[in-house]
Structures are given as C-alpha cells and as structure tokens.
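Here is the structure we will look at.
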Amino acid sequence: MSLNRIIGLFLRHFFLIKSSLPRILDLIYWPTIQIILWGFISKFFTTYSDYYNNTVGVILTCAILYDFLFRSSISFNMLFLEEIWSRNFTNLFIAPMRISEIITALVGTALIRTLIGLVPAILITSPLFGISILNLGIPLFFLFLSLYIFGITLGLFVSSGLLRYGPAFENIAWSSLFLLAPLGCIYYPIEILPDFFQNVAKGLPLVYIFEEARSILVNQVVNYSNIKNAFILNAIYLFIGISLFYYSFSQARKKGSLINIGE
Amino acid sequence: MQKSVIVENLSKNYFKKEAVKEISFTINENEILGLLGPNGCGKTTTIAMMLGLLKPSNGRVVIHGLDIEKNRISLLHKMNFISPYIELPKKLSVKENLIVYGKLYGVKFISERIKYLSEKLRLEEFINKKTGVLSSGQKNRVSLAKALINEPSILFLDEPTASLDPETGDFVRSFIEKISKEKKMSILLASHNMDEVKRLCKNVLMMNNGVIIDKGTPDELIKKHGKRNLEEVFLKLNRNNHELK
C-alpha cells in the first residue's frame with residue numbers, strides 16, 4: 001500500500017470537487033431536499049400516528065440515516081463513473097495502482113463527499129424542526145459506521161458491474177438503493193413485511209440498524225445485539241463485495257473492457 | 001544491444017475471434033519500433049497486453065527481464081502510454097492533472113518534474129487552465145507530459161500526432177526523437193502517419209488480421225517491395241492481404 005498513490009487518487013477527486021460550485025451544491029441539494037420533505041412527513045406522523053405519538057423525530061432521524069447510506073453508496077459509484085465519463089479510466093489502470101489502493105482511495109473520498117452533503121442537512125434539522133440526530137447518543141457512531149460500510153459495500157457491487165460491463169451498468173448505480181429501501185424497514189418495524197420478505201430482510205444489516213435507531217428513540221433502550229448483528233452481516237457483505245471487485249477486475253482484463261470502457 | 005521488451009508468441013482470443021495470433025518481436029533499449037496496420041488489425045490489443053490492461057490468451061510479454069503478468073505493478077512504474085482515445089479529466093487544471101499522476105506514479109519531486117516538463121513541452125502559458133478548454137495540440141502536449149511524468153524507460157505511443165496541425169505535429173515528433181535519444185527510451189509507436197514512422201522508427205512491424213505480415217527497417221521494406229515510400233508498401237501489403245482473404 002502506498003500512501004502517496006492513495007493521496008494521489010484522493011487529490012484527483014478533491015481538485016474536481018473544489019473547483020466546481022455546482023458539484024458542491026449538488027452534493028448539498030438532494031440531502032437538504034430530502035430532509036425538508038421528510039421533516040414535514042415526520043411532523044405529520046408525530047401528530048397523528050399512535051405508533052410515533054409524542055416520539056418527535058423518529059422518521060426524520062431514520063431519513064437522515066437512510067440518506068447517509070444512500071450518499072455513501074452513490075458517492076462511491078460516482079467516483080467510478082467520473083473516470084468513465086472523463087475517459088480517464090485507462091489512464092488510471094495503466095498507473096501502478098493496486099486494487100486495494102483504488103478501493104481505499106475511493107472509500108476515503110466517498111466519505112468526504114458524503115459528509116459534505118450530510119453535515120448541512122443535520123445542521124438545519126435543529127432550527128427547522130427542533131430535532132437533533134445526536135439524541136441517539138454514542139450508538140449513533142456505530143449506526144453511521146455500519147451504514148457507511150454497507151453503503152460502500154453496495155458501491156463495490158455496482159462498481160464491479162461498471163468495471164465488467166462499463167457504462168451500460170450505470171443505471172443500476174442509481175437504482176440499487178431504491179430496490180433495497182422497502183426491505184430495509186427504514187420507517188417501520190420488520191413485522192409490517194409479509195413473512196417471506198421478513199426472512200429476506202433479516203439477511204440485510206439495514207433492518208438491525210433501523211430497528212436499533214427506533215428502539216433508542218421510542219423506548220430509550222440501547223440494544224447492542226442489533227448493532228452486533230449489523231456488523232457481522234456487514235463484514236460478510238464487505239468481504240463478498242471486495243472479492244467481487246477483484247474478480248471483476250480480473251474478468252475485465254480477460255474480456256478487454258478496461259480498454260474501451262469509456263466508449 | 002539490450003532488449004527492453006520481449007514479446008513471445010502473444011495471442012488474444014475474444015470468444016472465437018482471434019484478435020492477435022502468436023506474434024513475437026523485441027524492442028531494444030533506445031529504439032523506436034513502429035507498429036503499422038489498418039484499423040482493427042490488433043495494434044491496440046497488442047499494446048493493451050504489453051501494458052497489462054489485457055490478459056493474453058497465450059504467450060507472454062517480458063519487460064526488463066520480468067513477465068508483465070507476474071510483475072504488473074512494479075513494471076507499470078517504468079512504463080507509460082498516450083492515445084488520442086483516452087483523456088485526462090477535463091475539469092482539472094493541467095497542473096492538477098500532472099500532480100495527480102505524479103502521485104500515482106510515485107514521483108519524488110513532482111513540482112520540479114512538472115516545471116521541467118512545462119518548459120520542454122511549452123505548457124507554461126496554460127498550466128493553470130482547465131484541461132478541457134485546451135486546443136487539441138495543447139491537450140496532446142499535456143498528455144505527453146503525463147506520459148513522461150514518471151520518466152518511463154518504455155513508452156507506448158498510439159497515434160501521438162493524430163489530428164494535430166503540421167507545426168504541432170512536427171514539434172511533438174522532434175520532441176519524441178530528442179527525448180528517446182537523451183533518455184535511451186524504448187518506444188513502441190503505433191501510427192497511420194507513414195512519414196512520421198519513417199522519420200522516427202528504426203524498425204517497423206506491419207500487422208494485419210492479428211499477425212505480423214512483414215518487418216524490417218523502413219528503407220529495407222521500401223526496397224524489398226519495390227515501392228517509392230512506406231505508404232505504398234503499406235497499401236500493397238494490405239491489399240494483398242485482402243485479396244488473400
């Protein structure tokens with residue numbers, strides 16, 4: 001592992017972001033819109049729903065957590081897509097970069113992109129809705145970490161597809177998280193789902209993460225077994241994601257997709 | 001003469017299609033080898049295998065005594081490549097792009113290296129401009145600077161002067177000629193510009209349908225085929241090949 005090369009790839013994206021106000025605004029825009037929208041939905045539910053009665057901020061907190069997952073995954077994919085769109089892909093792969101260095105650089109850069117979007121969203125929830133996600137306390141760190149790992153893992157799955165199939169896989173990058181949202185039980189308990197889907201959902205770390213967030217906010221109870229389950233599942237998926245990325249790189253070298261990926 | 005690159009029985013199959021069929025050649029230190037052939041003849045596939053971008057179906061590429069398949073990362077430190085079909089990020093300035101690639105190639109004194117290349121390749125006037133706003137000639141010189149950022153001992157040039165005006169084309173050719181001698185580089189030059197190949201290359205490989213159909217110095221090939229120039233040789237060989245097909 002070379003820190004220089006990791007910094008090099010980080011700088012490639014840092015220079016891009018800092019030079020473009022529209023890019024920074026784009027990073028801030030969607031989380032902000034999401035939070036405002038869900039802020040009003042959250043207010044509605046706290047007023048009219050028995051389940052969430054007097055539990056201010058459950059929906060909004062879950063929306064922020066979900067958005068963090070969404071941003072981290074999309075950020076990872078975007079970094080890859082930027083290389084394809086700018087036709088710089090081949091240049092990167094003829095540079096002496098190990099796959100582990102590419103993944104590490106993208107993970108770090110994706111975190112910064114995600115935080116650029118998330119921090120303003122968190123900051124406006126307090127003056128606008130009187131809610132602070134920080135009420136989750138110390139477990140919030142584990143929830144964010146767990147979501148970030150899962151977001152990156154999804155990013156690895158999609159990037160593996162991009163590596164192997166090129167820009168044709170781009171739409172999957174955008175839609176991957178929408179497919180998981182209903183099964184992730186972000187705004188409701190797992191019992192809402194039909195039995196079959198419950199079994200599928202139990203295989204996703206999202207269920208445990210959001211269950212834990214609701215448990216803390218509604219019952220003021222911290223259940224570390226949920227966090228543990230989420231981390232175990234994350235470790236499995238991350239391992240599969242990294243292995244798939246290596247495999248896709250090897251396949252791309254066999255099939256020639258590294259040469260004409262931008263075309 | 002030291003052999004920098006040895007290509008042995010190199011083949012690449014895509015499903016049933018044989019893109020490159022058991023080709024062998026060498027590039028000596030301080031040699032510019034021309035690779036000529038019509039579009040789709042296997043030039044890019046050959047270069048991609050030599051760069052480790054593509055896994056050969058058979059055969060091997062040995063660079064400085066090491067197999068590229070087993071030593072890809074360490075050998076890539078000593079190689080670089082330019083092609084009009086790949087670009088540098090357009091939203092980054094020329095300097096930012098060179099800093100990024102300096103880092104990726106582990107260049108120790110990046111600022112000094114960029115300054116040196118800026119002077120040699122006349123980049124100073126637009127070093128802080130976004131790469132996307134540059135003219136073709138300027139972009140070409142920036143790509144060349146990127147390709148030289150790591151002081152490669154082996155350089156792959158795929159149509160380095162395509163779409164350049166005569167003055168810029170001549171500047172680039174003179175620069176390649178000069179730097180290859182100064183740094184004793186081994187260069188593989190794929191080009192459709194026969195005058196360029198005759199001027200720069202000591203030896204030439206003629207490719208068609210994934211095989212090397214002839215090779216020699218430009219003058220040898222011209223004499224052997226009884227033609228007036230390399231372009232006529234190219235046309236003769238490729239027409240013969242079409243008729244044979």
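The values are calculated or read from the model by the stated rules, or taken from the named source; none is laboratory data. Keep in mind that what you see is a predicted model, and the values were worked out from it rather than measured. Please note: Cβ atoms are built from the backbone with ideal geometry, for glycine as well, and neighbour counts cover all protein chains shown.
Quick one: in the range A:82-108, of everything that is β-branched (Val, Ile, Thr) and under 27 Å from B:Tyr85 (Cα atoms), which residue is surrounded by the fewest Cβ atoms within 10 Å (Cβ to Cβ)? Before you say what the answer is, go through the steps one by one.
In the first step, residues of the range A:82-108 are kept if they are β-branched (Val, Ile, Thr); the result is A:84, A:90, A:94, A:99, A:102-104, A:107.
Restricting the remaining residues to those that are under 27 Å from B:Tyr85 (Cα atoms) gives A:84, A:90, A:94, A:99, A:102-103.
Working: A:Ile84: 18, A:Thr90: 22, A:Ile94: 24, A:Ile99: 16, A:Ile102: 22, A:Ile103: 20.
Within the range A:82-108, the match that is surrounded by the fewest Cβ atoms within 10 Å (Cβ to Cβ) is A:Ile99.
Yes or no, residue by residue, for (1) in a helix (DSSP H, G or I); (2) at pLDDT 90 or above; (3) not aromatic (Phe, Trp, Tyr):
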{"residue": "A:Ser75", "(1), (2), (3)": "yes, no, yes"}
{"residue": "A:Met97", "(1), (2), (3)": "no, yes, yes"}
{"residue": "A:Thr104", "(1), (2), (3)": "yes, yes, yes"}
{"residue": "A:Ile124", "(1), (2), (3)": "yes, no, yes"}
{"residue": "A:Phe150", "(1), (2), (3)": "yes, yes, no"}
{"residue": "A:Thr153", "(1), (2), (3)": "yes, yes, yes"}
Original post:
Of all residues in the range B:67-85, how many are buried (at least 21 other Cβ atoms within 10 Å of the Cβ), at the interface with chain A (Cβ under 7 Å from one of its Cβ atoms) and either under 19 Å from A:Ser19 (Cβ atoms) or without any contact (Cβ under 8 Å) to a residue 40 or more places away in the chain (or both)?
Top reply: 1
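Quick one: count up the residues across the range B:54-66 that are at the interface with chain A (Cβ under 9 Å from one of its Cβ atoms) and buried (at least 23 other Cβ atoms within 10 Å of the Cβ).
Just the residues of the range B:54-66 that are at the interface with chain A (Cβ under 9 Å from one of its Cβ atoms), to begin with: B:54-55, B:57.
With the extra rule that they be buried (at least 23 other Cβ atoms within 10 Å of the Cβ), the set shrinks to B:54.
Residues flagged as at the interface with chain A (Cβ under 9 Å from one of its Cβ atoms) and buried (at least 23 other Cβ atoms within 10 Å of the Cβ) within the range B:54-66 amount to 1.
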Original post:
Given the conditions (1) surrounded by fewer than 16 Cβ atoms within 10 Å (Cβ to Cβ); (2) facing chain A (nearest Cβ under 9 Å), which single one is not true for B:Lys108?
Top reply: (2)
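Take B:Asn97 and tell me if it is assigned by TED's automatic domain parsing to the domain that holds B:Cys201 and out of contact with any Phe, Trp or Tyr (no Cβ under 7 Å at 6 or more places or on another chain).
For B:Asn97, the condition - assigned by TED's automatic domain parsing to the domain that holds B:Cys201 and out of contact with any Phe, Trp or Tyr (no Cβ under 7 Å at 6 or more places or on another chain) - is not met.
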Original post:
Hey, does the range B:37-51 have a residue that's facing chain A (nearest Cβ under 8 Å), small (Gly, Ala, Ser), surrounded by 23 or more Cβ atoms within 10 Å (Cβ to Cβ) and under 17 Å from the mean Cα position of the chain (by Cα)?
Top reply: yes
**OP:** May I ask you to say which residue of B:Tyr116, B:Tyr101 is among the aromatic types (Phe, Trp, Tyr), out of contact with any Cys (no Cβ under 8 Å at 6 or more places or on another chain) and within 11 Å of chain A (Cβ to nearest Cβ)?
**Re:** B:Tyr101
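Name the one entry in B:Val172, B:Val204, B:Val197 that is within 16 Å of the chain's Cα centre (by Cα), aliphatic (A, V, I, L, M), at pLDDT below 90 and crowded, with 19+ Cβ neighbours inside 10 Å. Reasoning before the result, please.
On the way: B:Val204 fails: at pLDDT below 90; B:Val197 fails: at pLDDT below 90.
B:Val172 is the lone residue from the list that is within 16 Å of the chain's Cα centre (by Cα), aliphatic (A, V, I, L, M), at pLDDT below 90 and crowded, with 19+ Cβ neighbours inside 10 Å.
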